[in-house]
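The structure under discussion appears below in the form of structure tokens.
The values are calculated or read from the model by the stated rules, or taken from the named source; none is laboratory data. What you are looking at is a predicted structure, and each value in this text was computed from that prediction instead of being measured. Neighbour counts are summed over all protein chains in view; Cβ atoms, including those assigned to glycine, are modelled from backbone coordinates with ideal geometry. Please note that ligands, DNA and RNA were not included when accessible areas were found on the heavy atoms of the full protein model with its side chains. Shrake-Rupley method; radii C 1.70, N 1.55, O 1.52, S 1.80 Å.
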Amino acid sequence: MKPATTLQTRSDLNLSPHRKSRWAMLKQQKYLFLMMLPGLIWAIVFAYTPMVGLYMSFVNYQPTLGGFWSTLFNSEFVGLEWFRYFFNNGDFWIVMRNTLASTLITLLFSFPMPILIAIAINEIKNVKFKKTVQTASYLPYFISWVIAANIIVTLLSSDGAINGILKFLHITDESVLFLQNGKYFWWIVALGNTWKDMGYSSIMYLAAISSINQELYEAAKVDGANRFKQIRYITLPHLKPTIVILLILALGGILNAGFDQHFLLGNDLTRDYSDVLSTYSFRYGIQNGMFSYAAAVGMFSSVVAFIIVVIVNYTAKKLNGQSLF
């Protein structure tokens with residue numbers, strides 16, 4: 001009977017965490033929870049506590065000399081009035097058109113480019129040149145949009161480099177006023193976003209590529225597969241889970257066209273194309289003092305983004321068996 005008792009004791013020790021009590025699991029993994037504690041505190045303080053301010057969307061908030069919280073909760077409750085005002089406002093369709101057009105065009109360029117850059121960098125065999133290319137592709141990400149916008153404005157000015165190239169190639173005889181013509185604005189922002197973020201975004205794809213078993217490539221070479229076939233049949237299939245997750249996150253931010261680039265590159269001549277949800281809420285909330293209205297616009301954007309993430313995640317899970325949650 002003793003050997004049976006010993007076996008029973010060992011099986012008890014090997015029970016999965018799901019079958020143990022919560023307290024036992026917490027005690028066993030206490031150091032992991034302690035490591036998680038700073039991040040949890042940060043999320044509560046900076047991500048969840050400010051969500052109380054969403055109540056501003058349902059009241060007619062006007063700042064006074066009193067405290068913020070007392071003024072907020074003593075303001076007149078108006079329910080969904082600010083949301084109705086936003087939907088019935090003639091600006092709604094213009095702002096939504098600009099936001100969706102800008103984000104979708106940006107997604108068209110900025111999503112595949114990091115994948116292509118990661119694959120191209122991975123194919124570089126010279127280590128020094130590979131590191132140089134990586135560093136050069138990362139640099140624009142660390143430039144603030146204030147500097148990046150000035151670079152773009154300088155390049156696209158009437159006497160800038162872009163107009164100089166167009167004239168040199170005899171594509172046009174007169175300078176093109178890119179930043180004064182609204183029809184160019186969405187494309188300028190899309191290309192600017194792509195240039196700025198593509199190198200840094202490729203890091204996740206490079207990490208995924210580095211985890212691929214190199215024996216697969218060696219076996220493919222033995223079978224006579226060239227580099228393009230290796231990319232098609234080995235690299236891209238292994239990148240698929242990463243691509244799906246990042247696509248879900250990208251589609252979740254479809255109403256977040258970006259404040260900095262639209263505010264810095266836009267002007268009165270292109271407002272019909274440059275005014276997106278973030279700049280619209282800033283103009284009404286900060287400049288015009290309609291804080292509750294701006295809060296309602298921001299809440300609308302967040303709720304729609306959440307719904308999109310859930311729908312896209314569910315669709316990806318059904319089609320590919322891969323999802324964010």
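Among the numbered conditions (1) over 15 Å from the mean Cα position of the chain (by Cα); (2) within 30 Å of Gln230 (Cβ to Cβ); (3) of a type in the set (Ser, Thr, Tyr), the only one that Thr194 does not meet is (1).
Give the residue, chosen from Ala101, Ala120, that is of a type in the set (Gly, Ala, Ser) and surrounded by fewer than 17 Cβ atoms within 10 Å (Cβ to Cβ). Residue meeting the stated conditions: Ala120. When each of Ile212, Ile231, Ile171 is tested for being of a type in the set (Val, Ile, Thr) and in contact (Cβ under 8 Å) with a residue 60 or more places away in the chain, the lone residue that passes is Ile231.
Taking first residues from the stretch 241-262 that are at positive phi and partners that are β-branched (Val, Ile, Thr) and buried (at least 19 other Cβ atoms within 10 Å of the Cβ), the Cβ contacts under 9 Å between residues at least 6 apart in sequence or on separate chains come to Gly258/Thr103; Gly258/Thr106; Gly258/Val189; Gly258/Val276. Using the structure shown, decide if Ser274 is polar (S, T, N, Q) and more than 30 Å from Ile94 (Cβ to Cβ). Criteria not met by Ser274.
Do the conditions hold for Ile203, that is, is it surrounded by 12 or more Cβ atoms within 10 Å (Cβ to Cβ), over 18 Å from the mean Cα position of the chain (by Cα) and β-branched (Val, Ile, Thr)? No; evaluated as a whole, the condition is false for this residue. The helices (runs of 4 or more DSSP H) found wholly in the stretch 38-132 and carrying at least 1 residues that are at pLDDT 90 or above and not small (Gly, Ala, Ser) occupy 81-88, 91-110, 112-123. The conditions of being open to solvent by 70 Å² or more (accessible area, probe 1.4 Å), closer than 21 Å to Ile121 by Cβ and either among the acidic types (Asp, Glu) or more than 23 Å from the chain's Cα centre (by Cα) (or both) are not met by Leu269. Quick check on the stretch 272-319: of everything there that is without any contact (Cβ under 8 Å) to a residue 40 or more places away in the chain and among the aliphatic types (A, V, I, L, M), which residue is least open to solvent (accessible area, probe 1.4 Å)? It comes out as Ala294.
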